[in-house]
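**Student:** Pasting in a structure now, in structure tokens, and then I'll have a few things to ask.
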Amino acid sequence: MALYSEKVMDHFRNPRNVGILEDANGIGEVGNAKCGDIMKMYLKIEDDVIQDVKFETFGCGSAIASSSMATELIKGKPVSEAMQLTNKAVAEALDGLPDYKLHCSVLAEEAIHAALEDYQRKTEKNGKESEKN
């Protein structure tokens, strides 16, 4: 039996949505001190919908595949739906990860949530500033 599914290998070899979004309005960065993986997610949100998403990941194949799949799962989705993304959903969409690599899907979930929280902080701050004017 293969260690990784075909989907994991495909998203590792051909990751989707890699790079930096210069006009991102939500950015989240997380890391795992144990394994050294670092993920950074960039979101472009308009009218409460994720119009574009990019990522940069320093890590193993499972980390890259998890980042890639997570971006595919939230692109074009409303913010409220993206907030519901779980590491389990990422792992299932990849047709599973070995138990000792599940932390990679957890990092992907955390990076997405961190970027969404950054967006919400910025939106609230901008809303409060507009109320003052």
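**Student:** Just need the relative contact order of the chain here, percent rounded to a whole number, with Cα pairs under 8 Å and 6+ apart.
**Tutor:** Over the chain, the number comes to 30 percent.
**Student:** Between beta-carbons, use under 13 Å as the cut-off and find the net charge around ALA63, counting Lys and Arg +1, Asp and Glu -1.
**Tutor:** Net charge in that neighbourhood comes out at -1.
**Student:** Quick one: if you stick a label point 7 Å off each Cα along the C-beta vector at MET9 and GLU117, how many nm between them?
**Tutor:** Rounded to a tenth, the inter-label distance reads 3.7 nm.
**Student:** Can I ask one more? Quick one: which of 107-116, 22-31 comes out on top by average Cβ neighbours within 10 Å, and what's the full order, highest first?
**Tutor:** Order by mean packing, descending: 107-116, 22-31.
**Student:** Between SER67, SER80, SER105, find the one with the highest GNM mean-square fluctuation for the chain; connect C-alpha pairs within less than 10 Å.
**Tutor:** Largest GNM mean-square fluctuation: SER80.
**Student:** Only Lys, Arg, Asp and Glu count, each charged at its Cβ (+1, +1, -1, -1), so figure out the dipole size of the chain about its Cα centre, rounded to 20 debye.
**Tutor:** Dipole about the Cα centre, nearest 20: 220 debye.
**Student:** Another question, if that's okay. Among CYS104, CYS35, CYS60, determine the one that fluctuates most according to a GNM of the chain built with springs between C-alpha atoms less than 10 Å apart.
**Tutor:** Among CYS104, CYS35, CYS60, the largest GNM mean-square fluctuation belongs to CYS35.
**Student:** What does the charge count near GLN84 come to, summing +1 for each Lys or Arg and -1 for each Asp or Glu among other residues with Cβ under 12 Å from its Cβ?
**Tutor:** Residues near GLN84 contribute 0 overall.
**Student:** Another question, then. Mind putting a number on the dipole of the stretch 1-64 about its Cα centre? Charges go on the C-beta only, +1 for Lys and Arg and -1 for Asp and Glu, and I need it in Debye to the nearest 20.
**Tutor:** My answer is approximately 400 debye.
Any read-out appearing in this document is the output of simple, stated calculations on the displayed coordinates, not a laboratory observation. Given the structure is predicted, the values throughout are model-derived calculations rather than measurements. With ideal geometry, Cβ positions are generated from the backbone for all residues, glycine too; neighbour counts draw on all protein chains shown.
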